[in-house]
Amino acid sequence: MADIEKPTSPSPEERAKRDAEAKKKEQEEQNKLPYKWTQTIGDVDLVAAIPANMKGKDLDVKITRTTLKAGIKGQEPLIDGTLPHAILLDESAWTLETTKEGKELNIHLDKSNKMEWWAHVVTSAPKIDTSKITPENSKLSDLDGDTRGMVEKMMFDQRQKEMGLPSSEDQKKTDMLKQFQKQHPEMDFSNAKIG
């Protein structure tokens, strides 16, 4: 029977080289787009250069919950397609700003789902690798009450796990068992298992 070679995983150097090549290709694809875009976990912002003589009425911008079309009336749109995920229409808007170089169209899209990164603005555009996104440092105080509580609990459980200590759920079970033991001293708990 022939030896089957096990696939070897790439060395850190090979992985870094592949990542750099993928990043370069991704950057080249993004640079070819007629707009620049950035995102946070909660929103997406686009900027496109517009000739200085243009006014808001010269633009054709249509934003729906699932599509985006923007450009100069009578010309090929700068962007036209289906969004990868739904947006909050009432919180999304566009403006035309004057800059040193001329004018720029700014489009702000407020994501419906505040827990996912977009790989592209419209599904027809080249994708970025969302696994390589490093989120901006947000402060816990920026989060609403429920989200903040959930994040604090996750952070506490992660710290407990790293120190080999019980998570908040495990601690709750232990506390409940101790409370029950106090209330029922006549019962034998020597073989009780938690978890």
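The values are calculated or read from the model by the stated rules, or taken from the named source; none is laboratory data. Please read these numbers as outputs of a predicted model, since none were measured by experiment. Note that we place each Cβ from the backbone using ideal geometry, even for glycine, and neighbour counts take in every protein chain shown. The protein model used for the area step is the full one, side chains on, heavy atoms only, and it has no ligands, DNA or RNA in it. Shrake-Rupley method; radii C 1.70, N 1.55, O 1.52, S 1.80 Å.
So what's the projected area for the chain, the Cα convex hull averaged over all directions, in nm²?
The Cα convex hull of the chain, projected and averaged over all directions, gives 22.3 nm².
What figure in square angstrom, to the nearest 10, would you give for the accessible area of Ile41 with a 1.4 Å probe?
Estimated to the nearest 10 Å², Ile41 gives 60 Å².
How much accessible surface does Ile63 have with a 1.4 Å probe, in Å² rounded to 10?
40
Given Pro77, Ala125, Thr95, which one lies farthest toward the positive end of the charge dipole of the stretch 77-128, if we put +1 on the Cβ of every Lys and Arg and -1 on the Cβ of every Asp and Glu?
Result: Ala125, furthest along the dipole toward the positive end.
Tell me, what is the 1.4 Å probe accessible area of Trp37, in Å² to the nearest 10?
We get 40 Å² for Trp37.
Ignoring ligands, DNA and RNA, please state the percent of accessible area on the stretch 12-52 from carbon and sulfur, probe 1.4 Å. Provide the component values of the computation, followed by the final result.
Values: 1630 of 2820 Å².
On the stretch 12-52, the fraction of accessible area on carbon and sulfur atoms equals 58 percent.
Which of the residue pairs Lys55/Lys132; Lys23/Lys111; Lys23/Lys153; Lys17/Lys153; Lys111/Lys153 have a Cα-Cα distance greater than 30 Å in the structure shown?
Working: Lys55/Lys132 38 Å; Lys23/Lys111 25 Å; Lys23/Lys153 34 Å; Lys17/Lys153 37 Å; Lys111/Lys153 25 Å.
Those over the limit are Lys55/Lys132; Lys23/Lys153; Lys17/Lys153.
Need the full-extension length gain, Ile72 to Met155, defined as separation in residues times 0.36 nm minus the C-alpha distance. One decimal, nm.
Residue separation times 0.36 nm, minus the Cα-Cα distance, leaves 25.1 nm.
Which value, in Å², gives the accessible area per residue of the chain when a 1.4 Å probe is used on the protein heavy atoms?
73
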